[in-house]
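Here is the structure we will look at.
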Amino acid sequence: MAMAQTYVALLFSIGIGEGRRLLMADWRSMMAEIGLQNPRTLIATGNAVFESRETNVRELEVCLENAFERRFVRRVDTIVRAAATFRRMIAGNPFPKESKRDGSRVVVRVMRQPLKKDSLAFLAPYLMQGERAKVVRGDLWVHFPHEPNRSRLMPVLASKRLGIGTVRNWNTVRRLNEVLDGDFE
């Protein structure tokens, strides 16, 4: 039997239709029903940590997406990372000083498939007012010197134009790491 492994799951959206939002208690319940152990969530953010037998993350993504669709009647892309892989992503943050100064202005687009080398060239026309973007291990990191919601880049990051992925700011990433360490709500 495979050993238990800790994973992080990130939902693309917590909207479940007609202006309703997913309740984290319902998502935790769904995860437990499909056999994931010790599911815990980070407030109402669409982020979870759980344990499961060690397996391919794509299998977990499909399992979570199918269960979500059955339970909530909406298909939502879900990105799963093994805890060690998630922590490598954190360690690869190319904007540590900026993250410390204001974690809401550094975001990572966590990708299902690594971004292609031409992604930065594609994004260049959307970068404005000193915004910087870097690809680290296939994920896209962006520093916004201003409020991210004022950027022309955010609508692109929220779309599937770069492939399946989901955006989290540094504050959320850091708090998810705390959940991995056992400090959660």
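The values are calculated or read from the model by the stated rules, or taken from the named source; none is laboratory data. Small disclaimer: the values here were computed from a predicted structure and weren't measured. Calculation scope for accessible area: heavy atoms of the full protein, side chains included, ligands and nucleic acids excluded. Shrake-Rupley method; radii C 1.70, N 1.55, O 1.52, S 1.80 Å.
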Protein chains only, probe 1.4 Å: how do 134, 160 rank by accessible area, largest first? 160, 134
Restricting things to alpha carbons, find the Rg to Rh ratio for the stretch 124-185 using the Kirkwood radius for Rh. 1.02
Tell me, what HN-Hα J-couplings in whole Hz come from the Karplus equation 6.51 cos²θ - 1.76 cosθ + 1.60 at θ = phi - 60° for each residue of the stretch 71-79, using x for Gly and Pro? 7, 10, 6, 8, 8, 10, 4, 10, 9
If you stretched the chain out fully between residue 152 and residue 104, how much longer would it get, using 0.36 nm times the residue separation minus the C-alpha to C-alpha distance? 15.6 nm
For the full complex of protein chains and a 1.4 angstrom probe, list 139, 102 by accessible area with the highest value first. 102, 139
Given the whole protein assembly as supplied and a 1.4 Å probe, what does the accessible area of residue 23 come to in Å², nearest 10? 110
The number of Lys pairs in the stretch 62-185 whose alpha carbons lie under 19 Å apart, excluding pairs fewer than 8 residues apart on one chain, is 7
Scale the Cα Rg of the chain by the rule-of-thumb value 2.2 N^0.38 Å and send over the ratio, two decimals. 1.02
I'd like the accessible area for residue 111: 1.4 Å probe, protein heavy atoms, all chains in place, Å² to the nearest 10. 10
Using the alpha-carbon centroid of each, what span in Å lies between the stretch 56-116 and the stretch 27-48? 15
By accessible area (1.4 Å), largest first, 7, 126 order as 126, 7
Based on DSSP H runs of at least 4 residues, each adding -39500 (n - 2.57), what is the mean residue ellipticity at 222 nm of the chain after dividing by all its residues, to the nearest 500 deg cm²/dmol? -9500 deg cm²/dmol
How big, in percent, is the set of alpha carbon pairs in the stretch 79-182 lying more than 20 Å apart? 33
What is the P(r) of the stretch 37-105, as percent of Cα-Cα pairs per 10 Å bin from 0? 17, 40, 29, 14, 0
